[in-house]
Amino acid sequence: MKDQYADVKQDLYGAFVARGIELALNNGLLAIVIGDTWMSIKSFEALRLRLMDGHAFDSFVHMRDVSNHPDVFGANAAFVLSMTGSRGRHAPFVRLTPLGSDRKERDLRVALAQRSQESGFFLASGEDFAAIPGSPIVYWLSEKMRGAFATGRPLSEVANLRQGLATADNNRFLRQWWEVSGVRTAFSCTSREDAAASGARWFPYNKGGEFRKWYGNHEFVLNWDNDGAEIRTFGTEDGGRPRSRAQNTGTYFSPSVSWSKVSSGAPAFRAYPVGFVYDVAGTSIFAATSRERVGLLSFANSQVALEQLAAVAPTLNYEVGQVAGLPVVDPDDGESLAERAIDEARSDWNTFETSWEFEDNPLVKLAGRS
C-alpha cells in the first residue's frame, strides 16, 4: 500500500479504486460500491482527484443509511465512472436516506422519474467539485452556492486565522475564574506587554466550550505570570523539550472571533473582547478593525457559511484550514444585526452567576419591581 498507492493508502478501498482505474479500458466504464467517507474528508482528497483526473462520473447513488439492509453495513456510494468522459459533463446524483432496501429502491425510481432536488435528484460535474477547496463531492450544493467559492475571497485573505496555546497540562495551568485571587487577575489587558506590566498572574482564557453563538463561554483563566514563563519552560526541568506550545503569541489579548474546534453539531462563532489568551481548541480569527471583525462574525454565523462549511468539513471537527477556505462575498453584510446579536448574547451570558460580569439575577430584579 505505502509503496504502490501512497496517495490513497488511508483505506484499503482507496487502493481498490485506484487499481480499478488502472485496469479499466481506456474507453470503458468502472462501476464501484464503496463507503462514503472519501467524498469530503481532507485525507481522501488525492482519491477524489484520481477519480476526476481525465474521467467523469456517469451516474452516482449516495445511500446515507443502509443499516437495515441485510447485506450491507454503513453509508455507501455506488457510482459508474467513465474513463474518457469530460470532467465538465454533468451526471445524475441521487441521494437515498430512508431505512430499508425496499424503500430505497422505491425512492430511487421516484428520483429518476421526477428529476427534482426535492426527490433527491441532483446534477453536478467534476468541474463543480474542483471549484471548491479540497474538491469534495458535494453534489447537493446549489449552483449559486458553488459559484460563491469561485467568486468569493477565501476567509484567509480577508482576516488572519490562528491556532493558540497548547498548555500540555490544563489541570496545572487553568482555573475557573472564581477559584483564584481577584487581585491577581487582569481581565482587560490589550497586549503581552500590558499583561506583563499588570503584575497579574491570571488572565482570561478562551478554550472553546459548548455551543454558544455571538458571545460567551468566558469561564477559565490561565496562569500567564511573567509572560507565561512557567508554561513556556514546562517539561524542560530535566533537560527535555518544552511540552507546551505557545504559538502566535503576538495575537494574544487581541479581540477576535472564535469557535470551538470540536462540536456536537454545527459550529458556533463568538466575539471575544480584548484580554484573552486562546487555546488550540478555541481557534481565532483576527481582523484589522472592529467593523471588519463584526462583519466576519455575521458572515460566519450565517446559514450560507454553515452550508459552505458543511461542504468542506463533513465531520464535527472544524479545523483552521477548513474555515480559512470559506468564500467571503460581502463581510460587512448584516453588521448591525450582528452587533445587536452580540449585545443580546452578552446580556444573556451575564445573567449567569458564573459570569465575571454578573450583577444581579433578572428574576430577583423583576420581583423587586413588583
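Structure data summary
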| item | result |
| --- | --- |
| Enumeration of residues in segment 19-52 that are farther than 25 Å from Gln322 by Cβ and of a type in the set (A, V, I, L, M, F, W, C) | Ile21, Leu23, Ala24, Leu25, Leu29, Leu30, Ala31, Ile32, Val33 |
| Candidate set: segment 226-278, residues that are among the basic types (Lys, Arg) and more than 27 Å from Tyr215 (Cβ to Cβ); chosen: the one nearest to the chain's Cα centre (by Cα) | Arg245 |
| Residue within segment 348-369 that is under 29 Å from Asp225 (Cβ atoms), among the hydroxyl-bearing types (Ser, Thr, Tyr) and in contact (Cβ under 8 Å) with a residue 40 or more places away in the chain present | yes |
| Filter result for Asn317 (in contact with a strand residue (DSSP E or B) (Cβ under 8 Å, 6 or more places away or on another chain), assigned by TED's automatic domain parsing to the domain that holds Val280 and either at pLDDT 75 or above or loosely packed, with under 15 Cβ neighbours inside 10 Å (or both)) | yes |
| Test: residue in segment 209-223 that is surrounded by fewer than 18 Cβ atoms within 10 Å (Cβ to Cβ) and aromatic (Phe, Trp, Tyr) | yes |
| Residue check, Leu165 touching a Leu at 6+ places or on another chain (Cβ under 7 Å), in contact (Cβ under 8 Å) with a residue 24 or more places away in the chain, surrounded by 15 or more Cβ atoms within 10 Å (Cβ to Cβ) and not aromatic (Phe, Trp, Tyr) | no |
| Strands (runs of 3 or more DSSP E) contained entirely in segment 88-207, each with at least 2 residues that are within 21 Å of the chain's Cα centre (by Cα) and either assigned by TED's automatic domain parsing to the domain that holds Asp36 or not hydroxyl-bearing (Ser, Thr, Tyr) (or both) | 160-162 |
| Subset of segment 1-30 (residues that are of a type in the set (Gly, Ala, Ser), in contact with a Leu (Cβ under 8 Å, 6 or more places away or on another chain) and not in a loop (DSSP other than H, G, I, E, B)) | Gly14, Ala18, Gly20 |
| Filtered residue count, segment 208-232, keeping only those that are outside any loop (DSSP other than H, G, I, E, B) and either within 30 Å of Glu339 (Cβ to Cβ) or of a type outside the set (Asp, Glu) (or both) | 10 |
| Pick from segment 289-314, criterion in a helix (DSSP H, G or I) and polar (S, T, N, Q), ranking: surrounded by the fewest Cβ atoms within 10 Å (Cβ to Cβ) | Gln303 |
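The values are calculated or read from the model by the stated rules, or taken from the named source; none is laboratory data. Here the structure is a predicted model, which means the values were calculated and not measured. We place every Cβ from the backbone using ideal geometry, glycine too, and count neighbours over all the protein chains shown.
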